[in-house]
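In what follows, a single structure is set out as structure tokens and then discussed.
The values are calculated or read from the model by the stated rules, or taken from the named source; none is laboratory data. Everything numeric in this text was worked out from a predicted model, so none of it was measured. With ideal geometry, Cβ positions are generated from the backbone for all residues, glycine too; neighbour counts draw on all protein chains shown.
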Amino acid sequence: MRQRGVDPAAVRGTGPNGRIVEADVVRTAVASFSLPRAGERLGMKAAPATGPLSPMRRAVAAKVTESFSTVPHFYLRSEADVTALVQLRKQAVESQESRDGLRPSLTDFLLRALILALRDCPQANRIWQNDTVVELSDIDVGLVVQQDDGLMVPILHQADRLDIMELHRRRVAVVEAVRSGKTSADLFQGGATSLSNLGKFRVDEFTPIILPPQSSMLAVGRVAERPAVFESRLALRHTAYLTLSVDHRVMDGAPAAVFLDRIVELLEKPFLLFCSQSFQHS
């Protein structure tokens, strides 16, 4: 009994003449066992968080709680074959770096695809505001920027007017402004959607929380070689998983699917990202 951690004096025998049997020992051991409280492990004590939460951490907590509690999210997922995009970006980096030192990242191409898809799918460029759907006149997009104790989502305004290299410069400037604290209120105003890219981490896919009053957010995981059918043959291709979170008050499934499909199409045909005018898919 002592091997089971049971005090013999605490066991009530149910065998003949009150004799203690194995079932009595097991029953007593189970009855005395208690699960650790939340945040504890067996044999360990839970330690409270050290120090007060930062204003940014509190703001993030309040915002995501509000969003997840009040916005009716639904999610669409797709896999994009970005093999051609990876090759094209490599060529662009080699060309731009040798000429002016610029290194456009995959994030710049993802933003460009999101921007052109917004232009081609006007229903996605709407927000929920004051209990009604509002269509935005400009194409602005947000970018999730991680900091030590939270995240911020600055807005790239009138982003459809920027080509890839201009978009790269704007993105770099915006990220630097956020991380240095040199921002203004208008940097966080506007946009119907945002991009959250965790591609530099070992994350294949994730589900983002929409930033109200925006109506969607696109999450992109890492680019990796995965088996895929290409030209009727099994091959290793560079692919990425995309997840689109959508506010059901603004968009239903079909228009949201058209929006995500357009993003994937632009990523799989990356030459379209360099066109001043994107072409509607058939």
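Of all residues in the stretch 172-196, those satisfying the criterion of being closer than 16 Å to Met56 by Cα, without any contact (Cβ under 8 Å) to a residue 12 or more places away in the chain and not hydroxyl-bearing (Ser, Thr, Tyr) are Gly181, Lys182, Ala185. Would you confirm whether or not the stretch 73-89 contains a residue that is under 23 Å from Ile139 (Cα atoms), assigned by TED's automatic domain parsing to the domain that holds Phe259 and either part of a loop (DSSP other than H, G, I, E, B) or acidic (Asp, Glu) (or both)? So far as the stretch 73-89 goes, no, none of its residues is under 23 Å from Ile139 (Cα atoms), assigned by TED's automatic domain parsing to the domain that holds Phe259 and either part of a loop (DSSP other than H, G, I, E, B) or acidic (Asp, Glu) (or both). Contact annotation: residue pairs with Cβ atoms under 7 Å, 6 or more positions apart or on different chains, pairing a residue in the stretch 222-242 that is assigned by TED's automatic domain parsing to the domain that holds Leu110 with a partner that is aromatic (Phe, Trp, Tyr) and assigned to a loop (DSSP other than H, G, I, E, B), are Arg222/Phe201.
In a residue-by-residue description of the stretch 24-38, the property of being buried (at least 16 other Cβ atoms within 10 Å of the Cβ), modelled with pLDDT of 90 or more and either in the same structural domain as Ile210 (by TED's automatic domain parsing) or assigned to a helix (DSSP H, G or I) (or both) applies to no position. State which residue is farthest from Gln158 (Cα to Cα) when the search covers only the stretch 92-119 and only residues that are among the hydrophobic types (A, V, I, L, M, F, W, C) and under 18 Å from the mean Cα position of the chain (by Cα). Result: Leu106.
Kindly indicate whether any position in the stretch 108-124 is polar (S, T, N, Q) and either out of contact with any helix residue (DSSP H, G or I) (no Cβ under 6 Å at 6 or more places or on another chain) or part of a loop (DSSP other than H, G, I, E, B) (or both).
Of the stretch 108-124, the ones polar (S, T, N, Q) are 123.
In the following step, the residues that additionally are either out of contact with any helix residue (DSSP H, G or I) (no Cβ under 6 Å at 6 or more places or on another chain) or part of a loop (DSSP other than H, G, I, E, B) (or both) were identified as none.
The answer is no, given that none of the residues of the stretch 108-124 is polar (S, T, N, Q) and either out of contact with any helix residue (DSSP H, G or I) (no Cβ under 6 Å at 6 or more places or on another chain) or part of a loop (DSSP other than H, G, I, E, B) (or both).
Scanning the stretch 107-151 for residues being modelled with pLDDT under 95 and crowded, with 19+ Cβ neighbours inside 10 Å gives a total of 0. If you check Ser215, Ser245, Ser196 for being under 16 Å from Ile127 (Cα atoms), of a type in the set (S, T, N, Q) and within 14 Å of the chain's Cα centre (by Cα), only one passes: Ser245. Among the residues of the stretch 156-214, those identified as among the small types (Gly, Ala, Ser) and surrounded by 13 or more Cβ atoms within 10 Å (Cβ to Cβ) are Ala159, Ala177, Gly190, Gly191, Ala192, Ser194, Ser196, Gly199.
For the stretch 120-143, the candidate set comprises residues that are free of Cβ contacts under 8 Å to residues at least 60 places away in the same chain and within 20 Å of the chain's Cα centre (by Cα); within that set, the residue that is nearest to Arg171 (Cα to Cα) is Leu143.
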